[in-house]
4 protein chains.
Amino acid sequence: MKRVRKFQVTIIGSSEASHLEYDTAYKLGYFIGKNNWVLINGGRTGVMEASSKGAYDAKGICVAILPGELIDSGNIYSTISIPTTIGYARNCITVASGDVIVIVGGKSGTLCELTYAWQYNKPIICCSWIDGVSKDYAGVFVDDKRSVPTIKSEKIEDVYDLLIRMYENFLD
Amino acid sequence: MKRVRKFQVTIIGSSEASHLEYDTAYKLGYFIGKNNWVLINGGRTGVMEASSKGAYDAKGICVAILPGELIDSGNIYSTISIPTTIGYARNCITVASGDVIVIVGGKSGTLCELTYAWQYNKPIICCSWIDGVSKDYAGVFVDDKRSVPTIKSEKIEDVYDLLIRMYENFLD
Amino acid sequence: MKRVRKFQVTIIGSSEASHLEYDTAYKLGYFIGKNNWVLINGGRTGVMEASSKGAYDAKGICVAILPGELIDSGNIYSTISIPTTIGYARNCITVASGDVIVIVGGKSGTLCELTYAWQYNKPIICCSWIDGVSKDYAGVFVDDKRSVPTIKSEKIEDVYDLLIRMYENFLD
Amino acid sequence: MKRVRKFQVTIIGSSEASHLEYDTAYKLGYFIGKNNWVLINGGRTGVMEASSKGAYDAKGICVAILPGELIDSGNIYSTISIPTTIGYARNCITVASGDVIVIVGGKSGTLCELTYAWQYNKPIICCSWIDGVSKDYAGVFVDDKRSVPTIKSEKIEDVYDLLIRMYENFLD
């Protein structure tokens, strides 16, 4: 028998979302939920809340990796709450828990998570049509430690396609 | 609208399980899965594997809080894998992520988790019929920081009853 | 050339110290400072403050391993402040940073640190004449993972002798 | 009485140092040691080793914030070793422990530390004459969360001057 766990997709982005960021994160969360995968995020406001809400509306599972100690300190849409108690050091957990990382906009906190994703050798999909980290770091090598750059996606349908292809790899 | 997350039960115990420990942890995991709650554990062998397998057989959800970096470094029965990357410091996450903690046997690692559960003010149910931490610390005050002691359970049915009662509180 | 680092002694105990605890921790900190070793502790009040003050009065070095983010959130007597930002998960750092651990009284937080010291295979000296963890766990095996028990010290001079002997080992 | 702790300067940079990086980090470590401040770094090779060696040659104190569990897993020049046991999550500790952060070159790991320094609102001095993070992020706003950008230094003497000025602020 093989492992039984589900395909896990981490979405990262700012706790303050623009309309475009909120809408994109919601759709991605919904897509992840519909496919019966697991959404991982940081459990708070903005892009995190939007993706959680999307997964929830699709009757999917969302795991919130929270910085604090309190189990109910995140947004209300997460299915499962993981209060890590370790503050912003939790950024590395959010990223390590994804089979793939999708970046939606993002500021310095998102950049922190991008560097961890790079070091843990995760596939990184950047929504390049959204300003912030996801645009600035789309299709680049963060440094010379990897032979595979981040992936530049031009529209949300491309992200969907990539996720489906990665999911097929995951099943093999 | 209220939070939508599920009731989360953390099971802790040794990575080397006796027959009694394995059997008890399996039954508890199965009970948690059947009730559509979420099982949280440390994701490895022994009591962790047994409870994961129980939840799996009941078609429930189990979240593995792993010490290492690798997403597939746990036992194969977990539904969701959280590789915390922070080593044994992850003990505090396993415990903070439970609405209630159930102890099945256990050695020094379990004792570590018990002290975190005590500090985070979690309800702690000890399977007092099983040697180890769950017997030694059943119905006691670990120190004077709390006014409520650990709970001494004499048999598995009592644990079931306690969990159902706590779940009802959780819903309120 | 060999490593140049100093001999590091971790003192653990409660943030609320009795007179006996405060006095003992002060003397131990002073002894560590006088010997030009490095004192490691949790940086806060009680036993932590007392040992820091002792090291300070002996013109020694004390490193505070703090739970929070703020560099000046500890007691005023530490020479160096390490704000770990990871909350009580920092307990494992306090203990991993000692070549030897000395326990002075202690409650649930100290018990947590004792279990980490046990797992990291550190020599553990218990001040058995002081109530709390240091008395309850003096000269015992916490579980079967180690072949060497904790050390039961009957008086402070015995702790001094043990530390000197361990320091000689450290130099070899 | 005021706090007695010393002024703490964190140096960050790559574990693989060019000649220019090694030389610069060595000189900075030496300067910090000569001034009787405390050098904080990640305890390993490259820029970390160079700065540790500088502090050591100046008879100063260097604290190594190591990712692993083993107290002697760093370079041999550190005075004090803090094995954090939490892997790369330790990046936030290295940065939180500095009153000021100096960046010497650097790749993705350094970029991770820069983002933490930004979030903890630390003064950040970038050696802009050295390729890598210290050049790319010199004198910029990482995002809109702060009103003060990173500091662009053109030569090492400017870094010395800045550190002395910050030290005077620290004393007030």
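The values are calculated or read from the model by the stated rules, or taken from the named source; none is laboratory data. This structure is a prediction, so every number in the text was calculated from the model and none was measured. Note that each Cβ is placed from the backbone with ideal geometry, even for glycine, and that neighbours are counted across all protein chains shown. These accessible areas exclude ligands, DNA and RNA; they are computed on the full protein's heavy atoms, side chains included. Shrake-Rupley method; radii C 1.70, N 1.55, O 1.52, S 1.80 Å.
The table that follows gives values for the structure above.
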{"read-out": "Subset of segment A:112-121 (residues that are open to solvent by 10 Å² or more (accessible area, probe 1.4 Å) and at the interface with chain D (Cβ under 10 Å from one of its Cβ atoms))", "value": "A:E113, A:Q119, A:Y120"}
{"read-out": "Members of segment C:97-111 that are facing another protein chain (nearest Cβ under 9 Å) and of a type in the set (A, V, I, L, M)", "value": "C:L111"}
{"read-out": "Tally, over segment D:152-161, of residues that are part of a helix (DSSP H, G or I) and either open to solvent by 40 Å² or more (accessible area, probe 1.4 Å) or free of Cβ contacts under 8 Å to residues at least 40 places away in the same chain (or both)", "value": "4"}
{"read-out": "Test: A:G74 is touching a residue at least 60 places away in the same chain (Cβ under 8 Å) and in a loop (DSSP other than H, G, I, E, B)", "value": "no"}
{"read-out": "Residue count for segment B:122-151, restricted to those that are outside any loop (DSSP other than H, G, I, E, B) and either open to solvent by less than 70 Å² (accessible area, probe 1.4 Å) or not basic (K, R) (or both)", "value": "8"}
{"read-out": "Members of segment D:97-121 found to be free of Cβ contacts under 8 Å to residues at least 60 places away in the same chain and not in a helix (DSSP H, G or I), listed by number", "value": "D:Y120, D:N121"}
{"read-out": "Count - residues of segment A:25-70 that are away from chain B (no Cβ under 12 Å), assigned to a loop (DSSP other than H, G, I, E, B) and of a type in the set (A, V, I, L, M)", "value": "1"}
{"read-out": "Matching residues, segment D:6-38, being farther than 13 Å from D:I103 by Cα and either among the β-branched types (V, I, T) or open to solvent by less than 10 Å² (accessible area, probe 1.4 Å) (or both)", "value": "D:F7, D:Q8, D:I32, D:G33, D:W37, D:V38"}
{"read-out": "Selected residue (only one of D:T79, D:T94 is in contact with a helix residue (DSSP H, G or I) (Cβ under 8 Å, 6 or more places away or on another chain) and within 13 Å of chain A (Cβ to nearest Cβ))", "value": "D:T94"}
